[in-house]
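The values are calculated or read from the model by the stated rules, or taken from the named source; none is laboratory data. Everything numeric here is computed off the predicted structure, so don't read it as measured data. Cβ atoms come from the backbone with ideal geometry, glycine included; neighbour counts cover every protein chain shown.
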Amino acid sequence: MSEEILINVTPQETRVAVVENGVLQEVYVERSRRRGLVGNIFKGRVSRVLPGMQAAFIDVGLSRTGFLHVSDLDSTFEELESGERSIAASGVAIESILREGQEILVQVLKDPIGSKGARLTTRVSIPSRYLVFVPGQSTIGVSQRIEDEAERERLRGVIQTFGAAEQKVAAGASNVLALAPVPAAPAGARGGFIVRTVAEGVAAEDIHRDMEFLHRLWDSISQRGRDSAPLTLVYEDLPLAMRAMRDLVRDEIEKVRIDSRETFQKVTEFSRQFIPEFVSRIEYYPGERPILDLYGVEDEIQKALNRKVQLKSGGHLVFDQTEAMTTIDVNTGTFVGHRNQEETIFKTNLEAAQAIARQLRLRNLGGIIIIDFIDMQEPEHARQVLRALGKHVERDHAKVTISELTSLGLLQLTRKRTRESLEHTLCEPCPTCAGRGTIKTRETICYEIFREILREVRQFDTGKPLVVASQGIIDMLLDDESSSVAELEEFIRRPITFQVEPLYHHEQYDIVFL
């Protein structure tokens, strides 16, 4: 499989596109005015503790306070007999651990989305090229995507051999997650590691070099955490171009093309330090044609903002993204098949499974997702569609959990959400419909105007009503509803006048009594 990463950089924003076999699979957007917060570490202050929700609001200096649930508190805050890392699992109440005004080091798990503030955790984790460092813990984890058991054991051994030597150095090290009078981590528990997928087959020396880097970085963060004032950014994650090199680059990537010479130089230096074997695959793109036009990426981004996605067979998908969940409806459309109805439905659902897996990555949809596949009579067909979807989402960087089909024939799945979806990043709610996706009919607006005039006349000693509205509404009042206007004038014994306001949207109107 041919894979490339295209990086488009302008002063206003950076965009990263992942292209597989000439087809856009993922796109990331980061704007200079509104950079993502995921991975950033803040020294915050507890502004409110909510025992009823077992959560707390943490002020980290942003426009909205962040949300910290008890399940995201690390056990290093409290000596727990159960040995559980999660305080929630131990049954300890959050009000016995946190108090208003307490200073605390927190990391952003999820960006602010809609009206919600950032989701926070005290379980700090710091990623590098091959590892994720988890301060204050002694566990060693290996990515589930590394399936070779011998390789998994080798990687655990690499971590343990380094860790044995580090125990002598780390003796007496403390965890600074709790900056108020809260117990620190046990002496010697400097940190655990999670081995990332890209570490498969990597030499022990390279992994040890990553471990040394992460330890030095954590020591620096710890010191800044102790010395900084509250509501301060203690650690900021890498900019998008560097994160792409750290998180997206793997052996299958043939080229990374960058259209900014300055960013190209920075990425090259970054790669020389952390991915020296990949430096030769990084290219500066000086072409006059925009880099994201090479594979029709711009067109694909525009299509990803549409509700409807066409399938090659003639069927289509319909995406509806709400605050609670995303629903995906599968339809046969113009596809009529060649054999029988069940075969037609089965082929459409198989094609839809592949398209849905791609759209989840491309649109960066997260949270609860409900898929309404076309009803299949054959149980084996349903199993094959589920297996196909599971196979296609394996390449997704975000964790996807697929449930069984419900009794109504709906498939439920969840996809880990950390950043806003592509639609929420590039779009805003319609000022007319306020995100409903529909607007009231002209007839509905006219009847609202009639009721408002009646209400005012009955309650107050008013003058002559003047209706100010958009052109379409005034036209309907004077044309289709002219008889209703005449009846109303006779009933209230006052003439009604009308005025067009070109700047008013469809649902906007005013009634003035002269």
Original post:
Is there any pair linking a residue in segment 461-488 that is polar (S, T, N, Q) to one that is assigned to a helix (DSSP H, G or I), with Cβ under 7 Å and at least six apart or on different chains, and which?
Top reply: 462/456; 484/450
Subject >> Residue among 401, 418 that is hydroxyl-bearing (Ser, Thr, Tyr) and surrounded by 12 or more Cβ atoms within 10 Å (Cβ to Cβ) >> reply: 418
Subject >> One residue from 66, 22, 61 being crowded, with 18+ Cβ neighbours inside 10 Å, small (Gly, Ala, Ser) and either within 22 Å of the chain's Cα centre (by Cα) or not assigned by TED's automatic domain parsing to the domain that holds residue 106 (or both) >> reply: 66
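Quick one: which of 151, 95, 147, 100 is assigned to a helix (DSSP H, G or I), charged (D, E, K, R) and either modelled with pLDDT under 90 or closer than 18 Å to residue 42 by Cα (or both)? If you could, list the steps in order and put the result at the bottom.
Details: 151 fails: either modelled with pLDDT under 90 or closer than 18 Å to residue 42 by Cα (or both); 147 fails: assigned to a helix (DSSP H, G or I); 100 fails: assigned to a helix (DSSP H, G or I).
Step by step, each of 151, 95, 147, 100 is checked, and only 95 is assigned to a helix (DSSP H, G or I), charged (D, E, K, R) and either modelled with pLDDT under 90 or closer than 18 Å to residue 42 by Cα (or both).
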Subject >> Selection count, segment 300-346, where residues are at pLDDT 90 or above and either over 29 Å from residue 398 (Cβ atoms) or basic (Lys, Arg) (or both) >> reply: 3
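Go over the candidates 450, 498, 513 one by one and state the one that is farther than 30 Å from residue 30 by Cβ and out of contact with any strand residue (DSSP E or B) (no Cβ under 9 Å at 6 or more places or on another chain). Break it down into steps so the answer makes sense when it comes.
Numbers: 498 fails: out of contact with any strand residue (DSSP E or B) (no Cβ under 9 Å at 6 or more places or on another chain); 513 fails: out of contact with any strand residue (DSSP E or B) (no Cβ under 9 Å at 6 or more places or on another chain).
So the residue among 450, 498, 513 that is farther than 30 Å from residue 30 by Cβ and out of contact with any strand residue (DSSP E or B) (no Cβ under 9 Å at 6 or more places or on another chain) is 450.
So that you can scan it fast, the table gives a plain yes or no per residue for (1) charged (D, E, K, R); (2) in contact with a strand residue (DSSP E or B) (Cβ under 8 Å, 6 or more places away or on another chain); (3) surrounded by 17 or more Cβ atoms within 10 Å (Cβ to Cβ):
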{"position": "287", "(1), (2), (3)": "no, no, no"}
{"position": "322", "(1), (2), (3)": "no, no, no"}
{"position": "325", "(1), (2), (3)": "no, yes, no"}
{"position": "331", "(1), (2), (3)": "no, yes, yes"}
{"position": "348", "(1), (2), (3)": "no, yes, yes"}
Subject >> Near pairs, Cβ below 6 angstrom, 6+ apart or cross-chain, from segment 235-248 (among the basic types (Lys, Arg)) to any residue that is outside any helix (DSSP H, G or I) >> reply: 246/129
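Here are some residues: 443, 423, 394, 380. Which one is touching a helix residue (DSSP H, G or I) at 6+ places or on another chain (Cβ under 8 Å) and under 24 Å from residue 355 (Cα atoms)? Spell out the reasoning first.
Working: 443 fails: under 24 Å from residue 355 (Cα atoms); 394 fails: touching a helix residue (DSSP H, G or I) at 6+ places or on another chain (Cβ under 8 Å); 380 fails: touching a helix residue (DSSP H, G or I) at 6+ places or on another chain (Cβ under 8 Å).
423 is the lone residue from the list that is touching a helix residue (DSSP H, G or I) at 6+ places or on another chain (Cβ under 8 Å) and under 24 Å from residue 355 (Cα atoms).
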**OP:** Looking at (1) in a loop (DSSP other than H, G, I, E, B); (2) touching a strand residue (DSSP E or B) at 6+ places or on another chain (Cβ under 6 Å); (3) within 17 Å of residue 245 (Cα to Cα), find the lone condition where residue 39 falls short.
**Re:** (2)
**OP:** Show the residue pairs that are 6+ apart or on different chains and have beta-carbon atoms under 9 Å apart, the first residue being within segment 287-312 and under 15 Å from residue 358 (Cα atoms) and touching a residue at least 60 places away in the same chain (Cβ under 8 Å), the second being among the aromatic types (Phe, Trp, Tyr) and not in a helix (DSSP H, G or I).
**Re:** none
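Do we find that residue 482 is among the polar types (S, T, N, Q), at pLDDT 90 or above and either in contact with a helix residue (DSSP H, G or I) (Cβ under 7 Å, 6 or more places away or on another chain) or not assigned by TED's automatic domain parsing to the domain that holds residue 321 (or both) in this structure?
Working: among the polar types (S, T, N, Q): yes; at pLDDT 90 or above: yes; either in contact with a helix residue (DSSP H, G or I) (Cβ under 7 Å, 6 or more places away or on another chain) or not assigned by TED's automatic domain parsing to the domain that holds residue 321 (or both): yes.
So residue 482 fits the description; yes.
Of these, 250, 257, 261, 226, which one is outside the structural domain of residue 23 (by TED's automatic domain parsing) and not acidic (Asp, Glu)?
Values: 250 fails: outside the structural domain of residue 23 (by TED's automatic domain parsing); 257 fails: outside the structural domain of residue 23 (by TED's automatic domain parsing); 261 fails: outside the structural domain of residue 23 (by TED's automatic domain parsing).
Just a single option satisfies the conditions, and that option is 226.
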**OP:** Scan segment 371-389 residue by residue and report those that are closer than 14 Å to residue 413 by Cβ and in contact (Cβ under 8 Å) with a residue 40 or more places away in the chain.
**Re:** 371, 372, 373
